[in-house]
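Taking it in order: structure first as structure tokens, then the write-up.
The values are calculated or read from the model by the stated rules, or taken from the named source; none is laboratory data. Computed from a predicted model, the values in this text were never measured in an experiment. Please note: Cβ atoms are built from the backbone with ideal geometry, for glycine as well, and neighbour counts cover all protein chains shown.
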Amino acid sequence: MHIDAFATLADPTRRRIVATLRDGERQVSDIVRQAGIHQSGVSRHLRILHESGFVTVRPDGQHRLYTLRPEPFRELEAWLRDYRQLWEARLDRFGAALEERRKDGNTTP
């Protein structure tokens, strides 16, 4: 995974564009309308998302249609998987401790 993925998604405007594209392929004008960003800003952020591999662009007559690529998100999920296991193990221990306190009748922290 490229560490650039985190830098790419760190920008809130790009995250808004990604959220807009979750429902499928969109024209720039649709993204502008749904994300509430000026066309020049959308174009700049789409270029960054395209260069980092998060979106593909397909010409359709006079329009350019953008869509999300699943691969970068799969890479992010794979990277997070190890950390999720760590968090879940800690939450399981916390849950077990709470259950033990409940059984003992001790409700004060």
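Confirm whether Ser52 is surrounded by 14 or more Cβ atoms within 10 Å (Cβ to Cβ) and of a type in the set (Ser, Thr, Tyr). Yes. The residues of the stretch 65-104 that are over 17 Å from the mean Cα position of the chain (by Cα), part of a helix (DSSP H, G or I) and either in the same structural domain as Phe54 (by TED's automatic domain parsing) or of a type outside the set (D, E, K, R) (or both), listed by number, are Gln85, Leu86, Trp87, Ala89, Leu91, Phe94, Gly95, Ala96, Ala97, Leu98. Tell me which residues, restricted to the stretch 17-38, are surrounded by 14 or more Cβ atoms within 10 Å (Cβ to Cβ) and among the aliphatic types (A, V, I, L, M). Selection gives Ile17, Val18, Leu21, Val28, Ile31, Val32, Ala35, Ile37. Scanning the stretch 12-31 for residues that are part of a helix (DSSP H, G or I), within 19 Å of the chain's Cα centre (by Cα) and farther than 23 Å from Glu77 by Cα yields a single hit, Ile31. In the stretch 55-109, of all residues being hydroxyl-bearing (Ser, Thr, Tyr) and within 30 Å of Val42 (Cβ to Cβ), the one that is surrounded by the most Cβ atoms within 10 Å (Cβ to Cβ) corresponds to Tyr66.
Within the stretch 84-105, identify whether any single residue is of a type outside the set (Phe, Trp, Tyr) and within 24 Å of Thr8 (Cα to Cα), and answer yes or no. Yes, the stretch 84-105 has at least one match. Of all residues in the stretch 1-29, those being closer than 24 Å to Gly61 by Cβ and out of contact with any strand residue (DSSP E or B) (no Cβ under 9 Å at 6 or more places or on another chain) number 1.
Select from the stretch 32-63 the residues that are part of a loop (DSSP other than H, G, I, E, B) and within 24 Å of Ala7 (Cβ to Cβ) and list them in ascending order. Matches in the stretch 32-63: Gly36, Ile37, His38, Ser52, Gly53, Phe54. For Leu68, the conditions (1) over 30 Å from Gly24 (Cα atoms); (2) touching a residue at least 12 places away in the same chain (Cβ under 8 Å) are fulfilled apart from (1).
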